[in-house]
Amino acid sequence: MNARALLYSFSPKPHIPPTDIWATKRSFGPDSRPQTPFRFRVQIQNQPHYWVLRVSGRDSGGGKRRGGKVFADVKSEAYDISESVDKFEKGLNDVPSGKEEELEEEPLAVAEASWLEQFPKRWVIVVLCFSAFLLCNMDRVNMSIAILPMSAEYNWNPGTVGLIQSSFFWGYLLTQIAGGIWADTVGGKQVLAFGVIWWSIATILTPVAAKVGLPFLLVVRAFMGIGEGVAMPAMNNILSKWIPVAERSRSLALVYSGMYLGSVTGLAFSPFLIHQFGWPSVFYSFGSLGTVWFAVWISKAHSSPLEDPELRPAEKKLILASSVSKEPVKEIPWKLILSKAPVWALIVSHFCHNWGTFILLTWMPTYYNQVLKFNLTESGLFCVLPWLTMAFSANLGGWIADTLVSKGFSVTRVRKIMQTIGFLGPAFFLTQLSHINSPAMAVLCMACSQGTDAFSQSGLYSNHQDIAPRYSGVLLGLSNTAGVLAGVFGTASTGYILQHGSWDDVFKVSVGLYLFGTVVWNLFSTGEKIID
């Protein structure tokens, strides 16, 4: 019975005898098989205000008869059914024939899911890493504010204050490489979770340790450095598995901007908390936030897409298309890693970059006070500006870098462009400080210096995942160890230079290292994978 005849049977008539139709039941899918023919009867009754459709069927094998009624409350009017028949026949032609076809179930699931469930899981990981680094710098800078009332309460001299401030770097330097090895062999989720909960507990214990005695406080601050030391290698490891190359720059820029905004948040809220509730409240409140983050991270994060049972197939396919090997890291090929020129270019460039960055961020309040004649309140206020500038320009640079990659630029070319800006930009603005007499222009120049410095997030900071994605944690541990050493030596040598020279001499050393790093980076770096 064709479609035209079937539709015609639904048109109003005084009487339509029951019609028997034979058909073969069909099934679709991999388990389809011939079915027993069955017969069904269609009978239509035209009532005054509604139609009644009776359908009954029986298997040819003598199965039990089944039937039912369908009522339609419609007004009967005469009309030409030819157009409807044509549409119906066209629809039948669009239905797949007996060939087996797999049905896509994911669009239906996505349509029924909430907007939060549709949010890409890889960017959930990025946002959580951003939050971790926000807390990281909040907990790091709170001591620079709280140390003032603490030293007044415990009668600490400047030498003791310097010792307390430096004790953080003891643990921080110790766990850079160890954290990278641990993250690459165990998994980024576990290591980052350990780091956050470890430094959060150390932050909460800081007031208690200060009351017990100075040695205990130094140990707690070193323990805090241990926790924060593993954070960057762990983050680098987990993002190398979750983020495709085309999204790598902006994802890392967002995560690192969490550090900048964490400094702003810590510097902004610490004075208020100290004034309202006393200096211990800073450590208690900031440390407690880490425990909340830990609970969310444990329930939502996984070290790789392969371990996430809730990851949608489409997103998993996108991520794994540019994924690293599924083989877990069992041992670190140190000889192979250290024999590659791009690895050493990364280490040297990280040292040159951090020398200037740590000097500016550590000595900036002193420069504002001694050279620009700002009071301490003004110095603290203007110290926030470079952090805000870095947060903005880091994300801008990440967007530019990923856009260039998506337009066909090689990863190597993009990394060299972005890092060159990250080196030559600060070098240029630092050379202008000696020619500026206006405090406002000097502050603007410092902000521009740090703003262009943040383009490094799309340069050397993204390069670890480019050249050795499976060992990105170890590589970041190596290069960041050099970066921490640059901060320690650069900060100490700046004091020595100021005793025997001027601020111009300090800036000249930084500019020289920026230029040296530019040459090394452009000669030896690459964006291609060199270690599998």
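The values are calculated or read from the model by the stated rules, or taken from the named source; none is laboratory data. Given the structure is predicted, the values throughout are model-derived calculations rather than measurements. Here the Cβ positions follow ideal geometry from the backbone for every residue, glycine too, while neighbour counts run over all protein chains shown. Quick note on the areas: whole protein, heavy atoms, side chains included, nothing else; ligands and nucleic acids left out. Shrake-Rupley method; radii C 1.70, N 1.55, O 1.52, S 1.80 Å.
In percent, rounded to a whole number, the relative contact order of region 426-494 is 22, using alpha-carbon pairs under 8 Å and six or more apart. Taking the square roots of 5 times each eigenvalue of the Cα gyration tensor of region 140-263, largest first, gives ellipsoid semi-axes of 32, 15, 11 Å. Mind jotting down a quarter of the surface of the convex hull over the alpha carbons of region 376-496, in square nanometres, one decimal? Answer in nm², one decimal: 9.1.
You can think of it this way: the chain between residue 277 and residue 438 has 54.1 nm of extra reach, that is 0.36 nm per residue less the Cα-Cα gap.
When the pairs 189/330; 241/317; 300/416 are compared against a 24 Å limit on Cα-Cα distance, 300/416 fall above it.
Using a 7 Å offset from Cα along Cα-Cβ at residue 413, what residues in region 238-258 end up with backbone N under 17 Å from the label point? Within reach of a label on residue 413: 246. Here the 3J(HN,Hα) profile of region 248-265, calculated from phi with Karplus coefficients 6.51, -1.76 and 1.60 at θ = phi - 60°, is 5, 5, 6, 5, 5, 4, 5, 4, 5, 5, x, 5, 5, 5, x, 5, 4, 5 Hz, Gly and Pro shown as x.
In order along region 384-392, the phi-based Karplus estimate (6.51 cos²θ - 1.76 cosθ + 1.60, θ = phi - 60°) of 3J(HN,Hα) comes to 6, 4, x, 5, 5, 5, 5, 4, 5 Hz; Gly and Pro are listed as x. Would you mind getting me the FRET efficiency between residue 505 and residue 338? Use the beta-carbon distance for r and R0 = 25 Å, nearest 0.05. About 0.15, to the nearest 0.05.
Solvent-accessible surface (1.4 Å probe) assigned to residue 138 amounts to roughly 10 Å².
For the pair residue 528 and residue 118, what calculated FRET efficiency results from E = 1/(1 + (r/R0)^6), where r is the Cβ-Cβ distance and R0 = 25 Å, to the nearest 0.05?
Efficiency for this residue pair is about 0.15.
Per residue, the accessible area of region 429-522 comes to 33 Å², computed with a 1.4 Å probe over protein heavy atoms only. For the pair residue 300 and residue 498, label points projected 7 Å from Cα toward Cβ lie 4.1 nm apart.
For the pair residue 288 and residue 161, how long in nm is the line joining their label points, each one 7 Å along Cα→Cβ? With each label placed 7 Å out from Cα toward Cβ, I get 2.9 nm.
For residue 202, the shell of other residues with beta-carbons less than 10 Å away shows a net charge of -1, using +1 for Lys and Arg and -1 for Asp and Glu.
May I ask you to derive the relative contact order of region 346-471, considering only C-alpha pairs under 8 Å and at least 6 residues apart, and to give it as an integer percent?
33 percent
Viscosity 1.567 mPa s, temperature 4 °C: Stokes-Einstein D of region 447-510 from its Kirkwood Cα radius, in µm² per second?
This corresponds to a translational diffusion coefficient of 94 µm²/s.
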